[in-house]
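J.: Let me begin by handing over the structure; questions about it come next.
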Amino acid sequence: MKILVASAWPYVQSVPHLGNLIGSILSADVFARYARLKYGKENVVFVSGSDEHGTPIEIEAIKRGVSPKSLTDQAHEYDTELFLKTWNISFDNYTRTESEVHKSFVKEFLLGVSKYIKVEEEELPYCEKDKLFLPDRFVKGTCPYCGFEDARGDQCDRCGRLLTPSLLINPRCAICGTPPVNRKTKHWFFDLRPFSESIREWITSSPDMPENVKGTALSWVNEGLKPRSLTRDNSWGIPAPFPGAEGKTIYVWFEALLGYLSATLEYFQRRGETERWREFWENGKVRSYYFIGKDNIPFHAVILPAMLLASEKNYALPTVIAATEYLMYEGQKFSKSRKIGIWIDEAPLIMEVDYWRFLLIRMRPEEKDMNFTWTEATRIVNSELNDDVGNLVNRVITMVNRYFQGKIPEPRNLGEVDRKLLSRIGQTLDNVSSMFEKGKLKGGTELVLELARETNAYLNEKAPWDKIKTDVEDASNTLFVASSAIRAIALMLYPVIPEKAKMIYDQLGLDITQESWDNAKEPLKPGHIVGKPTPVFKKLPPEFEKNLNEILEKVRKEVEKRRPALLK
Ligand SMILES: [Zn+2]
Ligand SMILES: [Zn+2]
């Protein structure tokens with residue numbers, strides 16, 4: 001069985017914030033690392049890329065008097081470096097929508113589904129000065145409901161009502177301020193209607209698909225699917241390949257979704273194995289996992305499956321679409337303009353990336369919106385990571401060194417509590433697997449922490465530091481079992497905290513790159529020699545929260561210097 005891991009493509013107009021990161025890329029990375037341990041590296045491919053086309057970036061480029069490509073080149077380079085080097089995201093291919101492989105794949109794909117594509121005429125707002133059709137949010141004017149003078153054509157920011165550009169009083173172009181005119185234009189539409197029943201059947205019979213995804217997809221299908229506009233009247237994008245569509249581009253949403261396929265193709269092309277990408281897309285032979293924010297559910301649970309079905313190439317539909325709810329920051333929405341939140345180029349200047357990776361997964365909004373607070377972040381690092389995991393590892397490796405010259409002791413006549421904990425190790429590995437494979441990463445880590453707490457309680461109950469003086473056999477049994485438990489705990493945490501888990505493995509005298517998920521069900525071999533103990537985690541100091549404002553101010557100044565122009 002092949003495993004495809006796909007993360008939503010970040011739009012490169014801004015640096016992702018922590019809420020974006022946990023919703024897609026970090027979650028996908030944790031899953032990809034898990035899947036490689038469970039199913040073997042060669043059976044897993046993890047793809048994503050920069051989504052860089054479309055009107056928002058084109059308009060930004062017009063404002064700055066530069067080409068859109070020069071803006072997205074900078075942004076793509078900056079984001080890629082952050083993902084790969086700073087955040088340790090283990091992409092097999094992180095590409096971009098400007099990639100030639102992607103552009104030609106999209107053209108070919110759309111020509112292949114042309115029987116589901118039709119042309120319709122529409123009237124849309126057009127700015128004669130900028131020579132541009134204006135997307136809804138680039139028309140501004142007075143809200144007809146509340147009188148707010150700076151309402152956008154899609155929504156009023158004051159009263160929150162949904163709008164269309166034609167409802168606005170005194171509409172004007174958001175770029176230059178002149179009133180737009182209505183101009184007729186033709187657009188190409190992808191007809192979703194023929195796929196209603198297949199999508200309904202697929203989504204209702206997908207055993208591991210999360211309920212929030214099923215619910216949203218079914219409500220779309222029940223309301224009746226409609227043709228969706230596939231083209232846009234702008235120039236920054238992939239030229240629409242249809243006869244008569246000169247000057248139009250493909251709507252970014254359609255092409256970014258096809259990026260999952262083109263990025264897989266590009267990965268294998270680079271390896272000189274051009275045809276192998278199909279192994280990761282063939283229905284019945286692959287399980288595919290998509291990590292996205294909840295606002296993207298309709299695109300992944302309705303539009304992508306419809307396109308895959310339309311191609312008639314037997315492509316696999318998604319197995320699991322893991323769609324997170326929202327992460328709030330200290331009770332508020334992340335906001336770039338109001339500087340509310342932490343961005344992914346800021347966070348690593350505040351504390352180590354593995355701490356962030358762990359606490360973000362622990363705050364992952366799996367069932368409801370979650371609220372990031374510094375108090376909770378501190379609690380997670382200090383109590384879960386440092387106390388529950390770090391102290392446990394340190395105690396066990398120290399005692400194996402002190403009482404058994406660094407050798408895993410030979411177990412003899414294991415008692416009931418010993419055997420119980422040994423069997424809990426195997427159970428936990430299986431339970432975490434099944435949580436992860438339902439897209440529940442926070443849920444999975446909860447089980448790992450439970451095992452750590454049980455192992456701590458087991459140590460306290462069995463007190464090998466006393467027993468070593470009176471009952472060596474019992475102390476041996478205890479440290480044999482506890483060492484096997486910390487090895488499994490480190491393995492299960494590896495997808496979340498790869499650097500720290502590797503340190504624990506080093507201290508256990510083991511090589512994480514030689515490890516597999518199911519290996520850890522077997523206890524460690526008696527006589528195996530462990531390394532020397534050193535603390536793996538540190539607590540955040542008590543004054544951390546008090547000095548936070550100062551720390552954040554310094555970090556923001558530093559980041560301001562590093563960020564490329566488009567991203568400021
Ligand atoms: Zn209003
Ligand atoms: Zn204008």
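J.: Nearest-5 percent of antiparallel DSSP beta bridges in the chain?
T.: So the antiparallel bridges in the chain amount to around 55 percent.
J.: Give me the accessible area of V252, 1.4 Å probe, in Å² rounded to the nearest 10.
T.: 30 Å²
J.: Further question: Binning at 5 Å from 0, report for segment 487-533 what percent of all alpha-carbon pair distances ends up in each bin.
T.: It works out to 5, 23, 35, 26, 10, 2, in whole percents.
J.: Based on Cβ point charges of +1 for Lys and Arg and -1 for Asp and Glu, what charge dipole magnitude is obtained for segment 203-283 about its Cα centre, in debye rounded to the nearest 20?
T.: Details: 9 positive and 11 negative charges, 33 e Å.
Rounded to the nearest 20 debye, it is 160 debye.
J.: A further question follows. By the gyration tensor of its Cα atoms, with a ≥ b ≥ c the square roots of the eigenvalues, what is the shape of segment 344-444: rounded for a/c under 1.5, prolate for a/b over b/c, or oblate?
T.: Numbers: a/c = 3.05, a/b = 1.58, b/c = 1.93.
In terms of gyration-tensor shape, oblate.
J.: Contact order normalised by length for segment 13-102, with contacts defined as Cα pairs under 8 Å and 6 or more residues apart; what percent is it? All intermediate terms of the calculation are to be shown ahead of the outcome.
T.: On the way: 72 pairs, mean separation 34.8, N = 90.
Computed value for segment 13-102: 39 percent relative contact order.
J.: Using only the Cα atoms of segment 191-287, build the gyration tensor, take square roots of its eigenvalues as a ≥ b ≥ c, and label the shape rounded, prolate or oblate: rounded if a/c is under 1.5, else prolate if a/b is larger than b/c, else oblate. Provide the component values of the computation, followed by the final result.
T.: On the way: a/c = 2.48, a/b = 1.10, b/c = 2.26.
Verdict is oblate for segment 191-287.
J.: Would you work out what percent of the accessible area of segment 445-551, with all protein chains in place, is carbon or sulfur (probe 1.4 Å)?
T.: Working: 2530 of 4840 Å².
Ligands and nucleic acids excluded, carbon and sulfur reach 52 percent.
J.: Mind jotting down the three principal axis lengths of segment 464-553 based on Cα atoms? Whole angstrom, largest first.
T.: Its Cα atoms span 55, 35, 19 Å along the three principal axes.
J.: Could you sort M209, M328 by their accessible area in this structure, using a 1.4 Å probe and putting the largest first? Before the final figure, lay out the partial values.
T.: Details: M209 5, M328 50 Å².
Ranked from most to least accessible, the order is M328, M209.
J.: For L218, what accessible area in Å² do you get when you roll a 1.4 Å probe over the heavy atoms of the protein chains, rounding to the nearest 10?
T.: 40 Å²
J.: I've got another one for you. With the Cα gyration tensor of segment 328-367 giving a ≥ b ≥ c as the square roots of its eigenvalues, does the rule (a/c under 1.5 for rounded; else a/b larger than b/c for prolate; else oblate) give rounded, prolate or oblate? Kindly include the intermediate steps, with their values, before the conclusion.
T.: Working: a/c = 2.84, a/b = 1.15, b/c = 2.47.
Taking the square roots of the gyration eigenvalues as a ≥ b ≥ c, segment 328-367 is oblate.
J.: For the chain, what does the convex hull of the Cα positions come to per residue, in cubic angstrom?
T.: Numbers: hull volume 92.3 nm³, N = 568.
Hull volume normalised by residue count: 162 Å³.
J.: Given just the C-alpha atoms of segment 31-100, how large is their convex hull per residue in cubic angstrom? Numbers along the way, then the final one.
T.: Working: hull volume 6.9 nm³, N = 70.
So the per-residue Cα hull volume is 98 Å³.
The values are calculated or read from the model by the stated rules, or taken from the named source; none is laboratory data. Here the structure is a predicted model, which is why all the values come from computation and not from measurement. A quick note on method: Cβ atoms are made from the backbone with ideal geometry, for glycine too, and the neighbour counts reach across all protein chains shown. Side chains included, ligands, DNA and RNA excluded: accessible areas come from the protein's heavy atoms. Shrake-Rupley method; radii C 1.70, N 1.55, O 1.52, S 1.80 Å.
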